[in-house]
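Data first, discussion second: the structure below is written as structure tokens.
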Amino acid sequence: MTDSNTSLKTTPLLDLHRELGGKIVPFAGWSMPIQFAGVMEEHRCVREKVGLFDVSHMGEIEVRGPGSLNYLQFLVTNDVSGLTDGSILYSLMCYENGGVVDDLLVHRHSADHYFLCVNASNTDKDFAWATRQAKGFDVKLGNISPQTAQLALQGPKAIEVLKSITGEDIESIAYYHFIQGEVDGANCIIARTGYTGEDGFELYLPSENATALARRILDAGAVHGIQPIGLGARDTLRLEMGYPLYGQEITADINPLEARLGWVVKLKKENDFTGKSALQVAKADGLKRRLVGLKMLERGVPRPHYKILKEGAEVGEVTSGTFSPSLNTGVAIGFVPTGQSKTGETFEIEIRGRGVPAEVVPLPFVPSHVKK
């Protein structure tokens, strides 16, 4: 659907967001809530209790056919061969030059049926890319995004909220696994995944059932202090975990080895994948830059594209930055020369014309609480 006033795409929950007082803004071609009660409050609600996100703008692509595994091994950088029914894999699609098309989740239903969750702004581009890469493989692809909604229930109380409205054995779902089942009468893929560093679930369901289920989750979670969560807190939560965001930490001009994502690039897997040769060369030549976590040593909030300085000279750029509600200080991630990327290295981040000291620290900035 589209917003008749703006021509932006809308999720099935737009009217509910407005009803709940959400501040609606343009995001990646969509009308989405940036906040409800406020970013700081929503962030802490997810860390301490539970929050509900509308992520129905994300894209979903189905892959079916006897050639599915071979196709996916060629399409993505990670090794899909280890997946079993009901398991999930984080991976990347790369261009021939090693730059990133997108990051995504691969879900295996069966040997000849998978589905991919891709980023909202990239859905059309990704589907076109995946279609071109499918030539010569015995597969059929389907862009099921328009008929699919996605809700993310995240936080330490997420399991208690979900248990109260489903008869499925959700406690037995391991991290990065999923089941197919009913939640309050709606047929869902129930995945134990998320983008916050907290335990929780992502629910994929028919778009027509999304608003009713969101209302039911909010009602069931009221006793636990649940709140609707906007994109603002989604970003601060993922940034505290050092999770990459397409368009910032990974782009067509940034390769995954530079972006600390070498763990999902399996250069030794038997299958060739698009971009493999370029990444092998990049690794052999040595990386010139490296993504690091930076914690401010003085007051200041870093933002994307702020300059990273060393003794007054520009050496890099912030890709994501914010004020961390958990640490009560500014944090950032960005690229610096590889030789200066070790923990404890100090830089300055140029904020309003002044270099503010910052230190390289390990990622994530705060501990993860996912149930691995």
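The values are calculated or read from the model by the stated rules, or taken from the named source; none is laboratory data. All values derive from a computational prediction rather than experimental measurement. We place every Cβ from the backbone using ideal geometry, glycine too, and count neighbours over all the protein chains shown.
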Considering segment 271-297, residues that are part of a loop (DSSP other than H, G, I, E, B), touching a residue at least 60 places away in the same chain (Cβ under 8 Å) and at negative phi, and then whichever is surrounded by the fewest Cβ atoms within 10 Å (Cβ to Cβ), we arrive at D272
Which strands (runs of 3 or more DSSP E) sit wholly inside segment 149-259 and have at least 3 residues that are under 30 Å from G321 (Cα atoms)?
200-206, 227-229
In this structure, is N143 assigned by TED's automatic domain parsing to the domain that holds Q227 and either without any contact (Cβ under 8 Å) to a residue 24 or more places away in the chain or in contact with an Asp or Glu (Cβ under 9 Å, 6 or more places away or on another chain) (or both)?
yes
The one condition in (1) in contact with a Gly (Cβ under 8 Å, 6 or more places away or on another chain); (2) modelled with pLDDT of 95 or more that V370 fails to fulfil:
(2)
If a residue must be in a loop (DSSP other than H, G, I, E, B) and modelled with pLDDT under 95, how many such residues does segment 15-29 contain?
2
Here is a list of conditions, (1) out of contact with any Phe, Trp or Tyr (no Cβ under 6 Å at 6 or more places or on another chain); (2) on the phi < 0 side of the Ramachandran plot, and G22 meets all of them except one; can you say which number that is?
(1)
Looking at segment 234-270, which of the residues that are hydrophobic (A, V, I, L, M, F, W, C) and more than 24 Å from E345 (Cβ to Cβ) is surrounded by the fewest Cβ atoms within 10 Å (Cβ to Cβ)?
L267
Have a look at G167, G181 and point out the one that is touching a Ser or Thr at 6+ places or on another chain (Cβ under 8 Å), assigned by TED's automatic domain parsing to the domain that holds T211, without any contact (Cβ under 8 Å) to a residue 40 or more places away in the chain and not charged (D, E, K, R).
G181
Answer yes if at least one residue in segment 319-336 is surrounded by fewer than 21 Cβ atoms within 10 Å (Cβ to Cβ), out of contact with any Pro (no Cβ under 6 Å at 6 or more places or on another chain), under 21 Å from I254 (Cβ atoms) and free of Cβ contacts under 8 Å to residues at least 40 places away in the same chain, and no otherwise.
no
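Rundown of residues vs (1) assigned to a helix (DSSP H, G or I); (2) closer than 30 Å to Q280 by Cβ, yes/no style:
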{"position": "I34", "(1), (2)": "no, no"}
{"position": "V46", "(1), (2)": "yes, no"}
{"position": "I61", "(1), (2)": "no, yes"}
{"position": "Q73", "(1), (2)": "yes, yes"}
{"position": "V101", "(1), (2)": "no, yes"}
{"position": "L104", "(1), (2)": "no, yes"}
{"position": "H109", "(1), (2)": "no, no"}
{"position": "S121", "(1), (2)": "yes, yes"}
Could you list, in sequence order, the residues of segment 222-238 that are closer than 20 Å to C117 by Cα and within 13 Å of the chain's Cα centre (by Cα)?
L231, R234, D235, L237, R238
Sort out which residues of segment 241-261 are under 21 Å from V370 (Cβ atoms) and either of a type in the set (G, A, S) or touching a Cys at 6+ places or on another chain (Cβ under 9 Å) (or both), and write them in order of number.
G242, A259
Since A282 meets every condition but one in (1) more than 22 Å from V264 (Cα to Cα); (2) in the same structural domain as L231 (by TED's automatic domain parsing), which condition does it not meet?
(1)
Could you check segment 160-182 and list, in sequence order, the residues that are surrounded by fewer than 13 Cβ atoms within 10 Å (Cβ to Cβ) and either charged (D, E, K, R) or more than 23 Å from the chain's Cα centre (by Cα) (or both)?
G167, D169, E171, S172
From A186, A191, which residue is among the aliphatic types (A, V, I, L, M), in contact (Cβ under 8 Å) with a residue 12 or more places away in the chain, touching an Asp or Glu at 6+ places or on another chain (Cβ under 6 Å) and assigned by TED's automatic domain parsing to the domain that holds S56?
A191
Evaluate the following for E198: is it in contact with a Pro (Cβ under 8 Å, 6 or more places away or on another chain), acidic (D, E) and under 18 Å from Q147 (Cβ atoms)?
no
Every residue in segment 117-147 that is of a type in the set (A, V, I, L, M, F, W, C) and exposed (fewer than 13 other Cβ atoms within 10 Å of the Cβ), please.
A128
